[in-house]
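Read the figures in this text as sums done on the coordinates, not as results from a lab. Given the structure is predicted, the values throughout are model-derived calculations rather than measurements. Here the Cβ is made from the backbone with ideal geometry for all residues, glycine too, and neighbour counts use every protein chain on show.
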Amino acid sequence: MFSRTDVVLLALLTFFWGINWPIMKFAVESFPPFLFRLLSMVIGAVGIGIYMMLRRERFFVPVSDRRRVTTLAIWNMLLWQVMSIYAIQALSSGRAAIIGYTMPMWAFIAGALLFKEPFRVRSLIAVALALVATTLLANEEINSFFGKPYAFGLMLASAISWGVGTVLMKHLRVSISNMALTFWMLVFTSVFLLIGSIAIEFNDWRSPSIGEWLAILYNAGITFALCHILWFRIARNLTPVASSISIMLIPVIGVFSGTVALEEPITILDLTALGLILIAMAVGLNLTPGRRSRD
């Protein structure tokens, strides 16, 4: 069950991650995507590191936790960040978010296959409603999706990796704090982004413009330093399906914020999808007053 603090943190996470989709799209239209992610992650990791030192939190990862931290970093950060940032170059920001947030389905399947989690009726209904909603949101972009199969494939693969990572966050327990876990995930992923950027984008390296710097700083301070810490707290406290469903408003915000930026109309399908996602969240999180979940 969510506490009042968890609800506030979830609302902040949903808003900040939602509006980040058009911000990312703006940045990578002309700036090397791996370099954009790399700069954001390095600055975010430095910020978290300074904060941890001021709070005298420990950085040390026990030997018994290192394999688990690496596994969590690969599925939750490396695969998701590398594939999604390239995919968003070829897709509209909101519709890229839609594909990314098929994640609850993959978390549902991964939980059942990897950890024999039962197929609960409530979870199945919530995931089905969320998928119907994403289909409605994607209605006008279906041809565009399949007209760029590599981007669609990358975004879908990144959603699958995040779904698996969400399940692993629940089942692979580590002794370090969420802040330390976020720090080491960022450091781990940054190494691979640096290698990839040098190999693929080195000739395109340049100094960011003012607007690009603002996007980088937003991703560093808000998307990585703040939102990932909040997300790992939620993912550790809820079941994989419940945590996945809890953030399903993010693609709606991604679509609506991208629509506002492009001055495109909001359709009845968008509003219907919003309603379905709200119902999915209520079902998946068991938000009926006065009752506690048995799931």
Practice task
For segment 76-119 and segment 181-228, write down the distance between their C-alpha centroids in whole Å.
Solution key: 20 Å
Handout entry: Förster-model FRET efficiency, 35 Å R0, residue 271 and residue 204, C-beta, rounded to 0.05
Key = 0.30
Exercise for the section: For residue 67 paired with residue 115, estimate the spin-label separation in nm (one decimal), with each label point 7 Å from Cα along the Cα-to-Cβ line. Expected result: 1.8 nm
Handout entry: Cβ-Cβ FRET estimate between residue 195 and residue 15, R0 fixed at 30 Å, reported to 0.05
Key = 0.35
